[in-house]
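J.: Quick one: structure below, then a few questions.
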Amino acid sequence: MPPSVLARALRARIVHGKHLVRLPPPVLIFYLRAWRKRAEIDDGFSLAGAIKPRELAPLLRAAQGSTLAVEVGTGTGWTALALAVADPRRRVISFDSIRRPQRDAYLSLVNPSARSRVEFVTGPGEHAPPGPADVDLLFIDAAHDRASTLAAFYAWRPRLARGAAVAFHDFDDPQWPGVTEAIRDLGLRGVAHHHLFVWRND
């Protein structure tokens with residue numbers, strides 16, 4: 001491995017470790033187990049697609065106090081499970097049109113209480129079911145294009161509780177310009193944490 005590549009890999013590991021230890025202990029334990037399981041089952045999707053500790057830590061801070069979280073874009077379920085593990089009072093509903101088979105391996109890593117509070121829905125999250133304004137946290141991490149990001153926000157906005165946090169993943173990421181374009185179109189003023197953007201419904 002060339003020295004420059006080795007140096008970049010080492011820096012990435014240092015940054016990863018620094019943010020990993022900032023996670024709440026139950027989530028840290030889950031993430032360490034999930035990373036080990038990912039290697040065991042050779043899950044390349046989660047290696048690239050699962051939210052990194054650098055964005056997960058501020059997402060969990062934004063979620064503090066929330067009892068109902070909605071995720072648009074399940075992937076293999078790491079974020080939904082982390083949200084449930086972080087707070088025993090929190091219920092999580094996660095939507096994705098694709099049900100990835102690796103999800104069951106990670107579901108087995110959390111205790112029955114956390115599993116019982118996570119509902120995985122196979123279907124697009126851009127169509128919110130009717131209901132009261134009871135969603136405390138909305139996490140949008142699906143197709144990453146402008147149209148679907150806007151659709152998810154507009155669909156769930158009537159369900160947002162006052163003070164609810166809306167978090168968008170892959171903000172200011174040149175690989176996914178549609179997320180940033182959608183946030184600008186919406187005129188939202190929030191706080192960016194690396195590639196996570198958080199807005200409050202005040």
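The values are calculated or read from the model by the stated rules, or taken from the named source; none is laboratory data. Quick caveat: nothing in here was measured; it's all calculated off a predicted structure. Quick reminder, even Gly has a Cβ in these numbers, built from the backbone with ideal geometry, and neighbours come from all protein chains shown.
Residues are listed down the side, and each one gets a yes or a no for (1) more than 16 Å from residue 71 (Cα to Cα); (2) under 15 Å from the mean Cα position of the chain (by Cα); (3) charged (D, E, K, R):
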position	(1), (2), (3)
150	no, no, no
178	yes, no, no
185	yes, no, yes
188	yes, no, no
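J.: Can you confirm whether residue 54 is over 16 Å from residue 142 (Cα atoms), in a helix (DSSP H, G or I) and at pLDDT 95 or above?
T.: no
J.: If residue 149 satisfies all but one of (1) within 25 Å of residue 88 (Cβ to Cβ); (2) surrounded by 14 or more Cβ atoms within 10 Å (Cβ to Cβ), what's the number of the condition it fails?
T.: Only one criterion is unmet by residue 149, namely (1).
J.: Being closer than 18 Å to residue 200 by Cβ and surrounded by 20 or more Cβ atoms within 10 Å (Cβ to Cβ), is that true of even one residue in the stretch 122-131?
T.: For the stretch 122-131, residues closer than 18 Å to residue 200 by Cβ and surrounded by 20 or more Cβ atoms within 10 Å (Cβ to Cβ): absent.
J.: Take the residues of the stretch 166-202 that are among the β-branched types (Val, Ile, Thr) and surrounded by 14 or more Cβ atoms within 10 Å (Cβ to Cβ): which is farthest from residue 148 (Cα to Cα)?
T.: Among them, the one singled out is 198.
Condition check ((1) touching a strand residue (DSSP E or B) at 6+ places or on another chain (Cβ under 9 Å); (2) more than 17 Å from residue 168 (Cα to Cα); (3) in contact (Cβ under 8 Å) with a residue 40 or more places away in the chain) across all residues:
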residue: 41; (1), (2), (3): no, yes, yes
residue: 59; (1), (2), (3): yes, no, yes
residue: 72; (1), (2), (3): yes, no, yes
residue: 79; (1), (2), (3): yes, no, yes
residue: 83; (1), (2), (3): yes, no, yes
residue: 88; (1), (2), (3): no, yes, no
residue: 106; (1), (2), (3): no, yes, yes
residue: 111; (1), (2), (3): no, yes, no
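J.: Looking at (1) more than 15 Å from residue 63 (Cα to Cα); (2) without any contact (Cβ under 8 Å) to a residue 60 or more places away in the chain, which is the one condition that is false for residue 197?
T.: All conditions pass for residue 197, except number (1).
J.: Further question: In the stretch 105-150, which residues are part of a helix (DSSP H, G or I) and not β-branched (Val, Ile, Thr)?
T.: Once the filter is applied, which keeps residues that are part of a helix (DSSP H, G or I) and not β-branched (Val, Ile, Thr), the stretch 105-150 yields 105, 106, 107, 112, 113, 114, 115, 116, 146, 147, 148, 150.
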